[in-house]
Each structure stands twice: as structure tokens, then as C-alpha cells.
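Below: the structure, in C-alpha cells.
The values are calculated or read from the model by the stated rules, or taken from the named source; none is laboratory data. Since this is a predicted model, take the numbers as computed values, not measurements. Glycine also receives a Cβ, built like all others from the backbone with ideal geometry; neighbour counts cover every protein chain displayed. Note: accessible area is taken over every heavy atom of the protein model, side chains too, but ligands, DNA and RNA are not part of it. Shrake-Rupley method; radii C 1.70, N 1.55, O 1.52, S 1.80 Å.
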Amino acid sequence: MEIPVLSEFTPIPFWFWNDELSEEEILRQMKEMKDKGVDGFVIHPRKGLPSSIGYLSDEYFRFVKLAVKKACEMDMKVVLYDEAMYPSGSCHGEVVKSDPSFASMGLERRVLGKEPDDKAKEKAVAKASDGKAKEKVVAKVIEDGYEVIYVMTPSGGTIRGVHPGEDDGEVHAPKSADLLNPKAVAKFVELTHEKYYAELSEYFGNTVIAFFTDEPNILGRNARENLIPWSDGLYEEFKAAGGTDEDLKLLFAGENHDGCESSFDNGKSMLGRDCTLARRATCAKRIYEQVIHNRLSNSYYKQLSDWCASHGIDLTGHPEKSTDIGYLKYFQRPCQDIVWRFVEPEDGHAIEGEHSTMGKCSSDSARHRGKRRNGNECFGCCGERQDPKLFTEKDMRWYLNWLFVRGVNLVYPHAFYYSLRGDRGDERPPEVGMNNPFWPEYRKMSDFIKRMCYLNTDSVNCAQVAILCGADTLSWKLAKPLFTNQIEFNYLEAELLDECKIADGKLCIAAQEYSVLLSEADEYSALDESGRRVIEEFEKSGGRVIIATGELLENNKDNGFVYARNENELLKHVLECVHRELVFSGDIYDLRCSHVVKDEKNLLILANEGLEPITVSWEDGDYRGISLWNPYMLETMAATGSMTVEPCDLWVMEIKKV
């Protein structure tokens, strides 16, 4: 078996420009990257950049234009980063400087008391921030006999800047902009994107392939406490969507309500108990979250997406949350972000918790929406627990395997440091590029990345199971027993149900065909009538619908759905319906498997996500194994029915129909 090594599938590292820059050093580092098979990079202004090189200044662009021009000559690709430093959307504070009303805003709840005096009331209602961005009373209500006002107020949020004194909590930290305000976002595009285009237009669509936007944060970092994201016009949109003044209080309630356990917790669901207040709070928050989602989608993501498309490049990058699948539809190259070792081989974090869903988040969005590439900004703050700077070759392989077996086909390593001078190496380690001990052998790693990204591009995974998800709710509890039993699945957004076709018991979308649909009860209950009709039609055509812990639906079993109260029941029902290529046995809890069809070949990607070797055997199901190939070690062996998969190893097995 042979997989080609093509520059199109290169890793594209974040290149931290974090010190005094020189033309000679930029060119030297570019040559280093090219020699190691790194054929692209993200120009990322970073903390440590001197004040003498102002962001987007003529001096700054002198170096940017040099790097882009040289990349063109060297057949390298460039992704432009849209901020200094992050989160995106503020142009290093210039958006707010252009108009103080463009600052990030939040909603605050203030209890005035039963009979506040006029001065106290006036102070609470009309307080200003920085003497410029005025507050605005959104609503006045009486709650439990007290007068309460809801005030839109500047959040005080900032971003991390690139120059001295601009980091979190420092006096010159740039102010974050109101990403829910389309005018503020338009100013961001004008100040940032249009400036880059004016300087580099001849390279757009050839050398410059994308703009990277990075975890936009509505309130900004270090925002004042007890605020929720807000902006002008949201009050009217909230009420138009069914919210009330009385519901505003519920938006500030804690996340947990009595009796609101999620699926597989004590076998109960919230809506199966007498908890009217919890139901109201859940409903109010759903309305609010949908309003925020719609506003941020149209104000921020769509503006950036439309601008990139009209200028011949892609929007890439990732939203703030690991489960934010809904926003990914605006990205031509949707991505997510492995950071802070939220995903790791220890303590079950590879398949447990919301962050464990991020690999499938980007790949499944791309699959269902016809996007050719999907990526991950990976390795940031993922060093060893005992030493954050320590990140070995095996560590990198583990994370890459975690991504590849989930369908990711674009890798943005975080980060290649321009400089480690002084304490620069302490800022969000590890260094995973030119200053890493295994850099001399990095060509082997970049070739591995290219092979696997090629394999995951223009191929189809053969998942028979779909897990229903919302715009930001991806169930890891439903996914876990599928992962540990080598049953492939994809997350299917509820929004896409209307685009699905139903034929012969299959739910079909893009190149995918599902015979089983899993859903948590609360996810199903949140569907509109149109979505429910699609699912019911799917079940009537012969498909299997499995609802996890669904007391809400207990009195409606005539719909033909199946109910699962725990992982064992769920797995039993799934296995009744899926046809497995090979049936694996042994200590296979940490074995992950993906079946893809590439160039008319049936291939299984097998990865060990544990810390110990796995001895695995298999029996023929619908297929038989032909050969095994390790795309990192370049080892080949016959598929004899059993093998040992070492930790951090990934194998590709070619299989043929029995």
C-alpha cells in the first residue's frame, strides 16, 4: 500500500512572530520549514513583538510582504491571521478606538430595592463606563417585590495584545469589540482584512489561501462578572422569539437545576419530573442561546465568510467552544482547537467530556456540508503534565492519530516560535517546530501528516450511525460506547434534517447513509415539527431511532422508537442494526477504528489511544483483511487475523468484501 506525499496536505503551523524581526531570519526560518516538508504557515503576530513594529503598520507589512513574496517563490502557502493576538474581532483594539460604542457589551441584572431613593436609582440606571460608552436600561420589572433593572453595559473585556503591557490584566490590553454589532464587525473587516488585501491582493487565491479567525469571544477576556452577552436589538429579538421580561431573570440562573440530570444519569430526564421552574429556565435559555447564535452568525461569521469568498480565499479557524458545530457552516475550512491538554490519553479524556467531541465536530460538519477540508489548531498547551514545555515525538503522534481517526485532514500545529529569547518560550508552550529536539527528523512527521490528510480528503467514511446534535450540543455520552466498540458514527446537526433524503431505511445526506439515529431525549424534544417529521418518516421507512433515557417520550411509544437507559442497552440496540466490516476482540477499549473508501479502496484506520499495547484479533464480518501499513514507520505486514498495536501507533488496513 502506498499513499502519496503531496504539498497540498502540508501541516500549516502557527508561526509566532514574537520578537524583533529581520529579513534574514525570516528567510532562514522559511528555508528550515521548507527543508522539513512544511510547505505553509500562519503568520501569527504574538506577544513579544516590539512596539516599534506596530500591528498593521508599514514596518509590519514590510516583513509580511517579504514572507508572502518568498512563499510564492518557494511554492509555500500562507494563511493570514486576523488579530493581534487573540481572541479575534477587535483589530488590536482599533475597532473600539474608532468608536467607543463598539466596545463589547453585556447584560447586567441590578436589584434596586423596594423603594430606592432617586439618586441611587439614577446612579444605577445611568452609570457610564470610561465616560464614553453609555449604559442602556433594557427592561424594568418587579421581582419578588423588588424593583429590578436589566442594563446593557460595557463588559470591560479585552484581548491579549502583542506589545509590552498588553497581556491579560495589563494596563494597555486592547479593548474587545462588540461582535454582535454588525457595524463593529464591519469596522473590524475594514481595518484588518481590507488592509491586508490592499497590501497583498496579487497573492490572494494563490499563495494566500485563507484568513484564520480565532475563538471570537463576545464579552472579551477578563470581562466584568455577572454579565451575559448582549447588544443593541437583542431585547426585541428575544421577545419576538418568545421570551418575556420575566424570563430575563432565568438567564442569570445557575446551570444546574434540581431534577435536570442529563442522559444516562440516574435514568431520569429533566422533563420527567415536576420541575416547572427548571423547564421555564431551560426554555428561556434555549431562546436566548438561539438569539445569540443567530446574531453572532450573521454579524460576525457570515460577514467574514462572505468577505473571504468574494476575495478568492477561504475562511478558516474555529469558534470559542469545542462543541460549536453550528458556526462551522460559515467556514470554507472549518476547524476546532485542541488546547490545554483537555484531550489526552490519561483519565479517559480522549472520549469523555465536551472537548472529546471536537475532532468529530469539524470533520462531520465538513462531511455533511460538502467542505473538502477540515482542520485543527493542535498541540497548544498540550505538553507533559510535569513539564509544559516537554512535548515528544510520541506525544505529537498521539494527538495526530486522535485527529486522523476522527476524519480531520488539515493540521495547524501550535506553534513554531520565531524566538525563544528571554521568557518567550514560556508563553503558551510547547514549541513543536524548529526549536523542538526532534526537529532534525521532522520530515518524517510532516510526510506522515501529508499522507493521512490525503487519505482523509476526497474519501467517504462508512458510518452507519448518526448522533443527533444541536448547534452547540454534541453528546459524548452517546459516542463513548461506540468508540470503545469500534462502531463508527457521525454527528448530524438537527438543522440539516430537512436536507436529508430518506430511502430504504436510510437517512441520506451528502455522501453519507445512516441506518441508525441516536438522540438524547432533550435533543429530540428541542426539535421543531419539521425535524420530528423527518425522523418519524425515517423510522417508518425501516430506519432505527434510539432515544437515550427518554421519559419525555415514554407515553408516546407508538412512534416505533427504541429507548436506552444506559450504555449497555444503547450498544445492544445499535449492534442489532449495524453491519461491521470486521469484528474485533481482545482488550480493545482503547482501539479506535474508521472505515473509509478512498480511490475505490476500502481502508480501516486503526489507532491505539491508550497507554499500553493492544493485542487485537478480528473475525471476518462483511470484509476480510488483506494487508496492514504503518504510514509513519512505513512498515507493511499481512493481515493475518491478529496484531499488536503499540501506544501512539496508527495502522491502515486494506480490506475486501468477503
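Structure notes:
- Filter result for the condition that a residue is part of a strand (DSSP E or B) and of a type in the set (Ser, Thr, Tyr), over Thr316, Thr323: Thr316
- Screening the stretch 345-378 for residues that are without any contact (Cβ under 8 Å) to a residue 40 or more places away in the chain and surrounded by fewer than 20 Cβ atoms within 10 Å (Cβ to Cβ) and picking the one that is nearest to Glu499 (Cα to Cα) gives His349.
- One residue from Ile655, Ile547 being within 21 Å of Ala479 (Cβ to Cβ), open to solvent by less than 30 Å² (accessible area, probe 1.4 Å) and in contact with a Phe, Trp or Tyr (Cβ under 6 Å, 6 or more places away or on another chain): Ile547
- Qualifying residue in the stretch 551-566 (condition: open to solvent by less than 50 Å² (accessible area, probe 1.4 Å), among the hydroxyl-bearing types (Ser, Thr, Tyr) and within 29 Å of the chain's Cα centre (by Cα)): no
- Summed over the stretch 141-168, residues that are surrounded by fewer than 14 Cβ atoms within 10 Å (Cβ to Cβ) and at pLDDT 95 or above total 3.
- Some residue of the stretch 183-197 being surrounded by fewer than 18 Cβ atoms within 10 Å (Cβ to Cβ), in contact with a Lys or Arg (Cβ under 9 Å, 6 or more places away or on another chain) and not hydrophobic (A, V, I, L, M, F, W, C): no
- Contacts under 8 angstrom Cβ, first residue in the stretch 393-421 being under 19 Å from Pro345 (Cβ atoms) and touching a residue at least 12 places away in the same chain (Cβ under 8 Å), partner of a type in the set (Ser, Thr, Tyr) and part of a strand (DSSP E or B), 6 or more apart: Val405/Ser594; Arg406/Ser594
- Test for Asn206: is it farther than 29 Å from His414 by Cβ, open to solvent by 20 Å² or more (accessible area, probe 1.4 Å) and of a type outside the set (Lys, Arg): no
- Among the criteria (1) within 30 Å of Thr153 (Cβ to Cβ); (2) open to solvent by less than 20 Å² (accessible area, probe 1.4 Å); (3) among the hydroxyl-bearing types (Ser, Thr, Tyr), the one Ser98 does not fulfil is (2).
- Residues satisfying the stated conditions in the stretch 613-645, i.e. in a loop (DSSP other than H, G, I, E, B), at pLDDT below 95 and either touching a Cys at 6+ places or on another chain (Cβ under 9 Å) or not aliphatic (A, V, I, L, M) (or both): Gly621, Asp622, Thr640, Gly641
- In this structure, Leu56 does not qualify as outside any loop (DSSP other than H, G, I, E, B) and under 24 Å from Ile218 (Cα atoms).
- The number of residues in the stretch 598-621 being of a type in the set (A, V, I, L, M) and open to solvent by 50 Å² or more (accessible area, probe 1.4 Å) comes to 1.
- The conditions of being acidic (Asp, Glu), more than 20 Å from Thr282 (Cα to Cα) and surrounded by 17 or more Cβ atoms within 10 Å (Cβ to Cβ) are not met by Glu536.
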